[in-house]
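Engineer: A single structure is presented below for examination.
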Amino acid sequence: MGRPVMSAALLDTHVLLWALAEPEKLSAQSRALLSDRHVDLWVSAASAWEIATKHRIGKLPGAARIVADFDEHLEQLGAHPLSVTTAHALRSGSAQWDHRDPFDRVLAAQAELERLPFMTADPVFASRPENTVVPA
């Protein structure tokens, strides 16, 4: 199997969680992409916010370790953190997209503005022609 042709990817929150805690949920192609150190992996600050929020309200009870050691987990994965900028926030808030989830909206805006392929298993992103969706 050759190296994936992709040089970078922004990970959806669930892809990050799967990579860290349940890699068997990822396709073989996605696991290969995530383990290829020639691919620049990016994780949004919005994903950190989403994981911490969902852990706090009880939707991710097993994520305490990920929340506590978030930066170490990114380093172990070989991923770079991606801050949310005002440009990301403005694009997220103004995008004409019938989807209300603020985390998804920020991730979509970041993928678009940073021109990063977006790795997700969420079909809601398929309707976003601005994003290159990489199935997880």
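Engineer: Along the range 111-118, what does the Karplus equation 6.51 cos²θ - 1.76 cosθ + 1.60 (θ = phi - 60°) give for ³J(HN,Hα), rounded to whole Hz, x for Gly and Pro?
Structural biologist: Once rounded to whole Hz, the list reads 4, 5, 5, 8, 6, 10, x, 10.
Engineer: Something else now. Need the full-extension length gain, K59 to Q96, defined as separation in residues times 0.36 nm minus the C-alpha distance. One decimal, nm.
Structural biologist: Residue separation times 0.36 nm, minus the Cα-Cα distance, leaves 10.5 nm.
Engineer: Based on the Cα atoms of the range 1-127, what semi-axes does the equivalent ellipsoid have, where each is the square root of 5 times one gyration tensor eigenvalue, given in whole Å with the largest first?
Structural biologist: 21, 19, 14
Engineer: Here is a further query. In debye, nearest 20: dipole of the chain around its Cα centre with unit charges on the Cβ of K, R (+) and D, E (-)?
Structural biologist: 140
Engineer: Let me ask something additional. Peptides 18-31, 86-99, 39-52: what's the order by average Cβ count within 10 Å, highest mean first?
Structural biologist: 39-52, 18-31, 86-99
Engineer: Under the rule of -39500 (n - 2.57) per DSSP H run of 4 or more residues, summed and divided by the residues of the chain, what mean residue ellipticity at 222 nm is obtained, to the nearest 500 deg cm²/dmol?
Structural biologist: For the chain, the value works out to -13000 deg cm²/dmol.
Rule-based calculations on the coordinates, nothing more; no lab input. It should be emphasised that the depicted structure is a prediction, and the values quoted were computed from it without experimental measurement. Virtual Cβ from ideal backbone geometry, glycine too; neighbours counted across all protein chains shown.
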